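The values are calculated or read from the model by the stated rules, or taken from the named source; none is laboratory data. In this text the structure is predicted, and so the values were computed from the model without any measurement. Reconstructed Cβ throughout: ideal geometry from the backbone, glycine too, with neighbour counts over all protein chains shown.
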Amino acid sequence: MKNYVLRDRILKVCGNNLLSCLHCGSCASVCHASGIQNMDPERLLRLILLGLDEEALNTTWIWRCSLCGRCRRHCPVDIDIPGIIYYLRQCQGESFAPKILKEFYVRTLTTGNVLSLTPFEVIKTLQWLEQELRRISNRPDFSIPIDKTGAEILVFVSSRDLKFNPKTILALSFLLNMAKADWTIPSYGFEESNFAAMAGNIDAQKNISLQKIQTCRNLGSRIILMDSCEHAFLKAGFGPLPTKIQFPDIEILSTPVLIWRYLKKGRLSPPKKNNQKQAMDSYPLVIVNDPCNVEPDSEIYKSVRNILSAYGFSVKTLEPAPPNCICCGGGAGAGLLGLEDRRQLTLLKRKQLLKLKETGILTTYCHQCAEQLREIIIDTNINLKFLSFQELLFEVYL
């Protein structure tokens, strides 16, 4: 039955550009989820415009979307398709969401992180990492401060990195020590990801964001460092909120932006030439995979290139370049789907990597992209070495 209730609600929330849809198929042609479950962005818009509310509200396809925004950038009339899908998720109330998505944000609300790691487990892991840091760097003075009151910088990390890929945290700790930064990692409430944002649960998303801010204020820090791209805190602070939350007393930074600031101030310097030459011999070319939300004029985009140039690397941007880059397929909770779903969603990224003819090192500065790229390289057996951005810089010093 046609009633157009959903269409009218979307017009109020996402703007009236929807009525200008040309049904040209531009959005469908660039979407990595097109064709899955016989659905694509253009067909979804058609259902809404035709008043087929039940069909639009009952598709599980919206949970295959990574909210990368590529569809909107290619839309000739600038329809906010990611905003519409985000609103549909709110309307569904997680009925068809991946079960683990809700589990992750509920765990964050109740235990401070998605894996329910206890403060005891976190402290023990970080103490072990501190020993590894001193051993590998041969610097007994290096440390990983935990719950340090009054530290300037509060570092949020992914609990999945902490448990399954601790080298990323080890590399970041090394760089912060080299810069003589005043920093700390909290043993509770340290999770950088906000999975409630991906689920469209606004109240839970706000509560998780405020939980992070309260942790920051309890320890007296003024900067939050997130080992992520700007998607985690773009504009609103901690995810794509329809309402903006502002924290004027706290600055939220990504790792490359902070590292570039340290380099400009002379607090961090590239290693000696012999080490730098060795790194360049090992990795003659650095291929940068940019996250889907990054703009070429943004501070984080420029910082990454400036840092790699300062360290003497040759740099290639994985084409197509921002703002038209191909999403890794793991954003907005899509990375929590089953393996077969993830293989479908990463098809464009797989083809992109398989076309690479250059030899070098692939890197990215988003932990979600890093998880996806590692899986793609292993699953596809691509002959390509991958290091996260901070891991790459860490290895230059070794």
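In table form, for the structure just shown:
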{"quantity": "Looking only at segment 251-293, and only at residues there that are in contact with a strand residue (DSSP E or B) (Cβ under 7 Å, 6 or more places away or on another chain) and hydroxyl-bearing (S, T, Y), the one that is modelled with the lowest pLDDT", "calculated": "Y283"}
{"quantity": "Near pairs, Cβ below 9 angstrom, 6+ apart or cross-chain, from segment 119-139 (without any contact (Cβ under 8 Å) to a residue 24 or more places away in the chain) to any residue that is β-branched (V, I, T)", "calculated": "Q127/I144; Q127/I146"}
{"quantity": "Residue check for L109: buried (at least 18 other Cβ atoms within 10 Å of the Cβ) and among the aliphatic types (A, V, I, L, M)", "calculated": "no"}
{"quantity": "Tally of residues being under 19 Å from L210 (Cα atoms) and not in a helix (DSSP H, G or I) across segment 94-124", "calculated": "4"}
{"quantity": "Yes/no for E319 being among the acidic types (D, E) and surrounded by 15 or more Cβ atoms within 10 Å (Cβ to Cβ)", "calculated": "no"}
{"quantity": "Leading residue by the ranking (farthest from H32 (Cα to Cα)) among those in segment 329-371 that are of a type in the set (S, T, N, Q) and assigned to a helix (DSSP H, G or I)", "calculated": "Q368"}
{"quantity": "Among (1) in the same structural domain as I169 (by TED's automatic domain parsing); (2) modelled with pLDDT under 95, the one test that W63 misses", "calculated": "(1)"}
{"quantity": "Check on F104, within 24 Å of I259 (Cα to Cα), in contact (Cβ under 8 Å) with a residue 40 or more places away in the chain and aromatic (F, W, Y)", "calculated": "no"}
{"quantity": "Leading residue by the ranking (nearest to L225 (Cα to Cα)) among those in segment 294-328 that are of a type in the set (A, V, I, L, M) and assigned to a loop (DSSP other than H, G, I, E, B)", "calculated": "V294"}
{"quantity": "Of residues in segment 125-147 being part of a helix (DSSP H, G or I) and of a type in the set (D, E), the one surrounded by the most Cβ atoms within 10 Å (Cβ to Cβ)", "calculated": "E130"}
{"quantity": "Qualifying residue in segment 89-101 (condition: over 22 Å from L219 (Cβ atoms), within 20 Å of the chain's Cα centre (by Cα), among the β-branched types (V, I, T) and modelled with pLDDT under 95)", "calculated": "yes"}
{"quantity": "Qualifying residue in segment 168-177 (condition: among the polar types (S, T, N, Q), within 18 Å of the chain's Cα centre (by Cα) and within 30 Å of G266 (Cβ to Cβ))", "calculated": "yes"}
{"quantity": "Residue among L336, L347 that is surrounded by fewer than 24 Cβ atoms within 10 Å (Cβ to Cβ) and modelled with pLDDT of 90 or more", "calculated": "L347"}
{"quantity": "One residue from A171, A151, A204, A179 being touching a helix residue (DSSP H, G or I) at 6+ places or on another chain (Cβ under 7 Å), farther than 25 Å from S388 by Cβ and in contact (Cβ under 8 Å) with a residue 40 or more places away in the chain", "calculated": "A204"}
{"quantity": "Residue in segment 96-106 that is buried (at least 17 other Cβ atoms within 10 Å of the Cβ), of a type in the set (D, E) and in the same structural domain as M198 (by TED's automatic domain parsing) present", "calculated": "no"}
{"quantity": "Segments classed as helices (runs of 4 or more DSSP H), wholly inside segment 154-246, with at least 1 members that are modelled with pLDDT of 90 or more", "calculated": "159-164, 166-178, 202-219"}
{"quantity": "Number of the exception - G150 against (1) assigned to a loop (DSSP other than H, G, I, E, B); (2) touching a Lys or Arg at 6+ places or on another chain (Cβ under 6 Å)", "calculated": "(2)"}
{"quantity": "Segment 28-64, residues that are touching a Ser or Thr at 6+ places or on another chain (Cβ under 6 Å) and in contact (Cβ under 8 Å) with a residue 60 or more places away in the chain", "calculated": "none"}
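This table checks each residue for (1) β-branched (V, I, T); (2) within 14 Å of the chain's Cα centre (by Cα); (3) in the same structural domain as F104 (by TED's automatic domain parsing); (4) at negative phi.
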{"residue": "C328", "(1), (2), (3), (4)": "no, yes, no, yes"}
{"residue": "L337", "(1), (2), (3), (4)": "no, no, no, yes"}
{"residue": "L348", "(1), (2), (3), (4)": "no, no, no, yes"}
{"residue": "L354", "(1), (2), (3), (4)": "no, no, no, yes"}
{"residue": "T359", "(1), (2), (3), (4)": "yes, no, no, yes"}
